[in-house]
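A short worksheet on the structure shown next.
The values are calculated or read from the model by the stated rules, or taken from the named source; none is laboratory data. Keep in mind it's a predicted model, so treat the numbers as computed, not measured. In this analysis, Cβ positions are derived from the backbone assuming ideal geometry, glycine residues included, and neighbour counts consider all displayed protein chains.
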Amino acid sequence: MKKLIFLLFVFLISSVSVFASDIKFVQVDGVLLNAGDENSVSSFHNLVADINKLKDVDFVVFTGNNILKPTEENLKKFLKEARKLKAPFYVVLGQKDVNKQKHFGKKEYTKLLRKRNFAMRGIKEPNYLFTKKDLVFIAVDGSKEVIPIPNGYYRPETLNWLDTQLNKYQDKNVFILQHYPIVPPVKKEGYYTYNAEEYVQLLGKHNNVKAVFSGHFNSNKEQEVNGVMHISTSNAPSYRIVDITDTETDKPVIWCVIKE
């Protein structure tokens, strides 16, 4: 794979004589695996093998549109390949992943994740959180299982749940993982999130959210809004390597590398 490398210094720029990562994770968006297409499966297999070459990865997160069509066959194949990762992995939903009319809604999707992914064994909902080395990572679901469309929508109960978690972990540094950006990386109205402004206002009530990682737009971009970095990642086979340092401070540093 060719490398396109850039560094993103978030919140502060300091002279660091020795770079040491406190947390390293990989974000992958838009795998769109098709179990019936050998090229699709081979591409994902190679992506997993490439990630496995990286050192000291704490986890991998797939931030949505993991499968081309919402079927059990596709998800089983996706998970079979993903389980070859050396690091634990987590999964977020996109508009391609679930469709209740096709009898593969969020309940069925999440049940299969619990059954076939050890890291998500105790997770029963598409909204969930996990901690790594004193950092809090929150997966927030904006997908629709009834008539899925490209526009994201974070339901009121989802935002209420997020508000509760942010209050609960107000003394921790929090990073949000989701498919649909609330700060669009490019102009693409058909992909906008309906209640993005409401979500942004919610984040403004809290000072512990340091970054929101999303995908969906097939674009690599970083924007700061009200002290929160909104980081969008393009579709696989590209992926984002994220190193977070100074994790015990109120203003951690995020270093990003895009591989494509």
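For the range 211-227, filtering for residues that are crowded, with 23+ Cβ neighbours inside 10 Å and assigned to a strand (DSSP E or B) leaves 4. Among residues of the range 33-58 that are surrounded by 13 or more Cβ atoms within 10 Å (Cβ to Cβ), those with a beta-carbon under 8 Å from a residue that is at pLDDT below 95 at least six positions away or on a different chain give the pairs ASP50/MET1; ASP50/LYS259; ASP58/LYS133. Of the listed requirements (1) under 27 Å from ASN99 (Cβ atoms); (2) in contact with a strand residue (DSSP E or B) (Cβ under 7 Å, 6 or more places away or on another chain); (3) at pLDDT 95 or above; (4) part of a loop (DSSP other than H, G, I, E, B), THR193 misses just one: (2). Taking the numbered list (1) surrounded by fewer than 19 Cβ atoms within 10 Å (Cβ to Cβ); (2) closer than 18 Å to VAL48 by Cα; (3) of a type in the set (Lys, Arg) in turn, LYS115 passes all entries but (2).
Consider the range 115-160 and keep the residues that are out of contact with any helix residue (DSSP H, G or I) (no Cβ under 9 Å at 6 or more places or on another chain) and hydrophobic (A, V, I, L, M, F, W, C). The one that is farthest from PHE175 (Cα to Cα) is PHE118.
Which of the residues belonging to the range 176-198 are touching a Ser or Thr at 6+ places or on another chain (Cβ under 7 Å) and of a type in the set (Phe, Trp, Tyr)? First the steps, then the outcome.
Filtering the range 176-198 for residues touching a Ser or Thr at 6+ places or on another chain (Cβ under 7 Å) gives 177-182, 185-186.
Answer for the range 176-198, where residues must be touching a Ser or Thr at 6+ places or on another chain (Cβ under 7 Å) and of a type in the set (Phe, Trp, Tyr): just TYR180.
Against the numbered list (1) over 17 Å from HIS216 (Cα atoms); (2) in contact (Cβ under 8 Å) with a residue 40 or more places away in the chain; (3) under 19 Å from the mean Cα position of the chain (by Cα), THR63 comes up short only at (1).
Please indicate, with yes or no, whether at least one residue in the range 109-118 is under 16 Å from ALA236 (Cα atoms), part of a loop (DSSP other than H, G, I, E, B), modelled with pLDDT of 95 or more and polar (S, T, N, Q). Give the steps one after another, and end with the answer.
The initial filter retains those residues of the range 109-118 that are under 16 Å from ALA236 (Cα atoms), namely none.
No: zero hits.
Residues that are surrounded by 16 or more Cβ atoms within 10 Å (Cβ to Cβ) and under 24 Å from ASP56 (Cα atoms) within the range 85-112 comprise LEU85, ALA87, PRO88, PHE89, TYR90, VAL91, VAL92, listed in sequence order. Considering the range 70-111, the residues that are in contact with a Lys or Arg (Cβ under 6 Å, 6 or more places away or on another chain) and aliphatic (A, V, I, L, M) include one that is nearest to TYR191 (Cα to Cα), namely VAL98.
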